[in-house]
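Report on the following structure.
Rule-based calculations on the coordinates, nothing more; no lab input. Quick caveat, the model's predicted, so the values are computed rather than measured. Cβ atoms come from the backbone with ideal geometry, glycine included; neighbour counts cover every protein chain shown.
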Amino acid sequence: MRGKVFYSLLMTEINSFSDLPTTLGDFTAGDFFTGEDVIFDGGKPRPGLKTIFEAADRWDCDLVGGLHADAPVGGPVEQADYEYLRNIILRKLEQALPVKAVILYLHGAMIATECYDCEGDLLGHIRDLVGPDVPIGAVLDPHAHLSPAMVEAADILIFMKEYPHIDGGERMQELIRIIDGMLKDEVKPIPYVQDCQMIGFFPTQDPPMSDFVQCMQDMEQTEDILSISFVHGFPWGDTPFTGAKMLAYGNHHDASAEKCAKTLAQKLWAIKEQVMPPFISIDEMITKVSQLQHTPLVIADQADNPGGGGPSDSTFILQALIDQGLSNIAIGLIYDPQAVRKCHESPLGAEIKLSIGGKSGVISGNPVEGVFTLKNIQKDARMKITDDVDFPMGDTAWVEIAGIDIVLCTRRIQMYAPDGFEHLGINPKDKTALVVKSSNHFAAFFKDIMADYVYVNTPGAIDMNFAEIPYKIFDKSFYPKNIKKEPSW
């Protein structure tokens, strides 16, 4: 008789300083599946689960689904809503027992109104159900809060190494290899955590962080090391566990893991002043766009990134472009359900009076008002990221004013990839500049079409002045606020 492998995905990232609440409706409005629908779509295995299906088959097991649920970044989840989601997973797991292994995709930065460590709480409940001998493993986003409860409850936690997060598939393969070794009694992961005593922003596509990632991977080639993760932390989550950490797993002992974790923490400290990318002002951006020789330039409106808790409706850059008379520019995604609804009620080509963006308060600026040309609409649109991955944008609309093309949406999601423009008929390659509501993920998926990119410092929910973030729960000393010298690791 075949055994069972249990799989679930539960992901959201909570910005403690966001005024946008995260509710059950935010989860159910997206790709929300339970039970068999988690792993099958119309009887066919869902894309992205091939590695897990193959592993389950090798272990003479069937793959059993619990829950697939994710939500846009906002404020803390209502406790009852979190418990409802958690209990779906636990109930499905209990129905599947006994299982040979538990495999999860988690974010690592989910906060509920009465729980600062949702992932640790979930993993602890899973451990209580399956007992001490069943391997529990998870792949997580590096923008996470690594807590002692998470490390204690799970056998192996593997965080994506790249930011942009382009290596989720590779990390799942890594997780499967380790669980495979555990099932053969060849591997026993022993964790070591080193607090880096640092809060920062760590894009990995360029040196020195690309070299740091390579160093991690080189260290993983040693015989005693199973896995090394750099947990970047999520600076805008106010928890007791906030901040950057190194997590290393040794095989049967932690001596080598401790050495690797401490060495990497020292290396990170040495490059701490180089890893922060330069941010330019809106005025500097205007000058750069006016003088462009190679196009398109991608402009990251990083402070309004919905992937970090921004409302995705700020208008500071849009208004500046209009005021300066700059054209042949596309901007997206602006979250504005009211404007989208009006567009979907109008014929294509219509001249529509709209009030766009600026609806979430001071951090969003003022609405941009005027007569816009409706170019195209799409219902239930999805942004294609890769062949196996796409994300829901809700209903979308393409409007144009003064030579600026604007993509509006009804689901808050950052502009990951060119398809966010292309799905409506905009050719981003032909634009002088592309303004994207994204902090860094765009860098991976726009790289083949962009001539250059810049990060623009606008008002917004994502404050890159880490020393001034008004933490109330997190109370440890950290760089750059009140630690200036390298800690004695």
- Would you grab the residues whose amide H sits under 5 Å from the one on ASP405? Only those 5+ places off in sequence or on another chain, please, with H modelled 1.01 Å from N. ILE329, ALA330, ILE331
- Message: Can you list residues from other chains, or at least 5 along the same chain, whose modelled amide H is less than 5 Å from the amide H of GLY243?
- Response: PHE234
- So how do MET393, MET11 line up by other beta-carbon neighbours within 10 Å, fewest first? MET11, MET393
- Task: Neighbouring Cβ atoms within 10 Å as the yardstick, rank HIS252, HIS125 fewest first.
- Result: HIS252, HIS125
- Name the residues whose placed amide hydrogens come within less than 5 Å of the amide hydrogen of ALA112, ignoring near sequence neighbours (fewer than 5 apart) on the same chain. VAL77, ASP117, CYS118
- Query: Quick one: net charge of ALA433's neighbours, Cβ under 13 Å, K/R +1, D/E -1?
  - Reply: -1
- Query: Which shape class applies to region 280-463: rounded if a/c is under 1.5, otherwise prolate when a/b exceeds b/c and oblate if not, where a ≥ b ≥ c are the square roots of the Cα gyration tensor eigenvalues?
  - Reply: rounded
- Once you've got the Cα coordinates, tell me which of LYS161/LYS288; LYS245/LYS272; LYS245/LYS267 are over 22 Å apart. LYS161/LYS288
- For the pair TYR84 and HIS253, the simple spin-label estimate (label points 7 Å beyond Cα toward Cβ) gives in nm 5.1 nm
- Message: If packing is taken as the average count of other Cβ atoms within 10 Å, what order do 262-273, 138-149, 454-465, 101-112 fall into, highest mean first?
- Response: 101-112, 138-149, 454-465, 262-273
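Under the classification rounded if a/c is under 1.5, otherwise prolate if a/b is larger than b/c and oblate if not, where does region 100-230 fall, given a ≥ b ≥ c as square roots of the Cα gyration tensor eigenvalues?
Oblate is the answer for region 100-230, as a/c is 1.5 or above yet b/c matches or exceeds a/b.
Can you give the helix-only mean residue ellipticity at 222 nm for the chain, where every DSSP H stretch with n ≥ 4 adds -39500 (n - 2.57) and the sum goes over all residues, rounded to the nearest 500 deg cm²/dmol?
Here the helix-only value at 222 nm equals -7500 deg cm²/dmol.
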- Query: Picking from ILE413, ILE178, MET1, whose Cα lies most toward the positive end of the charge dipole for the chain (charges on Cβ: Lys, Arg +1; Asp, Glu -1)?
  - Reply: ILE413
- Query: If you place +1 on the Cβ of every Lys and Arg and -1 on the Cβ of every Asp and Glu, how big does the dipole about the Cα centre of the chain come out, in debye to the nearest 20?
  - Reply: 280 debye
- Note on the structure: Dipole check, region 79-171, charges on Cβ (K,R +1; D,E -1), about Cα centroid: among VAL130, MET150, HIS165 the Cα furthest to the positive pole belongs to VAL130
- Message: Can you return the aspartates and glutamates within cross-link range of LYS485? Criterion is Cα-Cα under 13 Å, with same-chain partners fewer than 8 residues away left out.
- Response: GLU273
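Could you tally the net charge around ALA80, taking each other residue with its Cβ under 13 Å from the Cβ of ALA80, Lys/Arg +1 and Asp/Glu -1?
That sum, taken over residues with Cβ under 13 Å, equals -3.
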- Between the residues GLY233, THR34, HIS252, the Cα farthest towards the positive end of the dipole of the chain, that dipole coming from +1 and -1 charges on the beta-carbon of Lys, Arg, Asp and Glu, is from GLY233
- Item | Residue-wise HN-Hα coupling along region 269-277, computed from phi with Karplus coefficients 6.51, -1.76, 1.60 (Hz; x: Gly, Pro) | 4, 5, 10, 4, 7, 9, 7, 6, x
- In debye to the nearest 20, how big a dipole does region 280-463 give about its Cα centre with +1 on each Lys and Arg Cβ and -1 on each Asp and Glu Cβ? 240 debye
- Message: Suppose every Lys and Arg Cβ carries +1 and every Asp and Glu Cβ carries -1, with no other charges. What dipole size does region 70-162 come out with about its Cα centre, to the nearest 20 debye?
- Response: 320 debye
- Which order do PHE478, PHE40 fall in if you start with the one that has the fewest other Cβ atoms within 10 Å? PHE40, PHE478
- Query: Shape of region 3-270 from its Cα gyration tensor (a ≥ b ≥ c, root eigenvalues): rounded if a/c is under 1.5, otherwise prolate when a/b > b/c, or oblate?
  - Reply: oblate
- Note on the structure: Expressed in angstrom and rounded, the centroid-to-centroid distance over alpha carbons for region 337-383 and region 233-289 is 38 Å
